[in-house]
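The values are calculated or read from the model by the stated rules, or taken from the named source; none is laboratory data. Here the structure is a predicted model, which is why all the values come from computation and not from measurement. Ligands, DNA and RNA are excluded from the accessible area calculation, which covers all protein heavy atoms including side chains. Shrake-Rupley method; radii C 1.70, N 1.55, O 1.52, S 1.80 Å.
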Amino acid sequence: MKNLFKVIAFSFVLLAGMNTMNAQSLKQDKERPETKAKMEVAELSKSLDLSGEQQRTIFRALVTRQAAYKKHVTGKTPSESLAQKKKIDNTLDETMKKALTKAQYDKWHATQVRQ
(Lines give C-alpha, C1' and ligand atoms only; values in the text may rest on other atoms or scores of the structure.)
Protein backbone atom coordinates (compact mmCIF):
# COMPACT_ATOMS: atom_id res chain seq x y z
CA MET A 1 0.00 0.00 0.00
CA LYS A 2 2.89 2.38 0.78
CA ASN A 3 4.44 1.69 -2.61
CA LEU A 4 1.17 2.45 -4.37
CA PHE A 5 0.87 5.75 -2.51
CA LYS A 6 4.48 6.66 -3.44
CA VAL A 7 3.83 5.90 -7.11
CA ILE A 8 0.68 8.03 -7.14
CA ALA A 9 2.43 10.90 -5.36
CA PHE A 10 5.38 10.70 -7.75
CA SER A 11 3.03 10.71 -10.77
CA PHE A 12 1.23 13.76 -9.42
CA VAL A 13 4.52 15.65 -8.98
CA LEU A 14 5.57 14.82 -12.54
CA LEU A 15 2.21 15.88 -13.93
CA ALA A 16 2.31 19.20 -12.07
CA GLY A 17 5.84 19.84 -13.31
CA MET A 18 4.86 19.20 -16.93
CA ASN A 19 2.03 21.75 -16.71
CA THR A 20 4.44 24.37 -15.38
CA MET A 21 6.93 23.71 -18.18
CA ASN A 22 4.17 23.94 -20.80
CA ALA A 23 2.95 27.29 -19.45
CA GLN A 24 6.48 28.70 -19.57
CA SER A 25 6.98 27.67 -23.19
CA LEU A 26 3.68 29.31 -24.18
CA LYS A 27 4.77 32.57 -22.56
CA GLN A 28 8.07 32.46 -24.41
CA ASP A 29 6.38 31.74 -27.73
CA LYS A 30 4.26 34.90 -27.50
CA GLU A 31 7.43 37.01 -27.43
CA ARG A 32 8.83 35.59 -30.67
CA PRO A 33 8.76 37.91 -33.71
CA GLU A 34 7.08 35.21 -35.81
CA THR A 35 4.19 34.90 -33.36
CA LYS A 36 3.59 38.63 -33.19
CA ALA A 37 3.80 38.95 -36.97
CA LYS A 38 1.40 36.05 -37.49
CA MET A 39 -1.21 37.68 -35.26
CA GLU A 40 -0.79 41.03 -37.00
CA VAL A 41 -1.06 39.46 -40.47
CA ALA A 42 -4.27 37.71 -39.43
CA GLU A 43 -5.78 41.03 -38.35
CA LEU A 44 -4.61 42.77 -41.52
CA SER A 45 -5.92 39.96 -43.67
CA LYS A 46 -9.40 40.40 -42.20
CA SER A 47 -9.44 44.17 -42.53
CA LEU A 48 -7.68 44.51 -45.90
CA ASP A 49 -8.76 41.27 -47.62
CA LEU A 50 -5.19 40.22 -48.45
CA SER A 51 -4.23 37.60 -51.03
CA GLY A 52 -1.92 34.73 -50.14
CA GLU A 53 1.10 36.38 -51.75
CA GLN A 54 0.40 39.64 -49.92
CA GLN A 55 0.14 37.76 -46.63
CA ARG A 56 3.52 36.08 -47.17
CA THR A 57 5.23 39.32 -48.13
CA ILE A 58 3.77 41.24 -45.21
CA PHE A 59 4.56 38.41 -42.78
CA ARG A 60 8.23 38.50 -43.80
CA ALA A 61 8.31 42.28 -43.47
CA LEU A 62 6.69 42.20 -40.03
CA VAL A 63 9.07 39.50 -38.77
CA THR A 64 11.99 41.59 -39.98
CA ARG A 65 10.57 44.66 -38.23
CA GLN A 66 9.97 42.80 -34.95
CA ALA A 67 13.47 41.31 -34.99
CA ALA A 68 15.03 44.69 -35.79
CA TYR A 69 13.06 46.35 -32.98
CA LYS A 70 14.23 43.68 -30.57
CA LYS A 71 17.83 44.13 -31.67
CA HIS A 72 18.09 47.91 -32.08
CA VAL A 73 15.26 49.59 -30.17
CA THR A 74 14.17 47.57 -27.13
CA GLY A 75 15.97 48.47 -23.94
CA LYS A 76 17.45 51.72 -25.19
CA THR A 77 16.45 55.25 -24.34
CA PRO A 78 14.09 56.97 -26.80
CA SER A 79 16.79 59.41 -27.90
CA GLU A 80 19.16 56.54 -28.73
CA SER A 81 16.64 54.50 -30.66
CA LEU A 82 14.58 57.15 -32.45
CA ALA A 83 16.66 57.15 -35.64
CA GLN A 84 16.74 53.34 -35.78
CA LYS A 85 12.97 53.15 -35.19
CA LYS A 86 12.29 55.61 -38.03
CA LYS A 87 14.55 53.64 -40.37
CA ILE A 88 12.83 50.35 -39.50
CA ASP A 89 9.37 51.90 -39.89
CA ASN A 90 10.30 53.43 -43.25
CA THR A 91 11.47 50.04 -44.50
CA LEU A 92 8.15 48.50 -43.49
CA ASP A 93 6.25 51.36 -45.14
CA GLU A 94 8.09 50.82 -48.43
CA THR A 95 7.37 47.09 -48.33
CA MET A 96 3.70 47.75 -47.65
CA LYS A 97 3.51 50.19 -50.60
CA LYS A 98 4.90 47.51 -52.89
CA ALA A 99 2.76 44.66 -51.56
CA LEU A 100 -0.62 46.36 -51.19
CA THR A 101 -2.94 48.01 -53.68
CA LYS A 102 -3.46 51.76 -53.37
CA ALA A 103 -6.78 51.35 -51.54
CA GLN A 104 -5.35 48.72 -49.17
CA TYR A 105 -2.28 50.84 -48.48
CA ASP A 106 -4.38 53.93 -47.74
CA LYS A 107 -6.54 51.96 -45.32
CA TRP A 108 -3.47 50.40 -43.63
CA HIS A 109 -1.69 53.76 -43.42
CA ALA A 110 -4.76 55.39 -41.82
CA THR A 111 -4.76 52.74 -39.07
CA GLN A 112 -1.01 53.24 -38.49
CA VAL A 113 -1.39 56.98 -38.06
CA ARG A 114 -3.99 56.45 -35.30
CA GLN A 115 -1.64 54.13 -33.41
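Out of the total accessible area of region 57-103 (probe 1.4 Å, heavy atoms of protein only), what percent is carbon and sulfur?
Carbon with sulfur: 59 percent of the solvent-accessible area.
Sorted by accessible area with a 1.4 angstrom probe, largest first, how do I88, I8 fall?
Correct descending sequence by accessible area is I8, I88.
How much solvent-accessible surface does H72 expose, in Å² to the nearest 10, with a 1.4 Å probe and all protein chains in place?
60
Can you give me the solvent accessible area of K38 with a 1.4 Å probe, rounded to the nearest 10 Å²?
Using a 1.4 Å probe on the heavy atoms, I get roughly 140 Å².
Could you compute how much accessible surface L100 exposes when probed at 1.4 Å, giving the result in Å² to the nearest 10?
10
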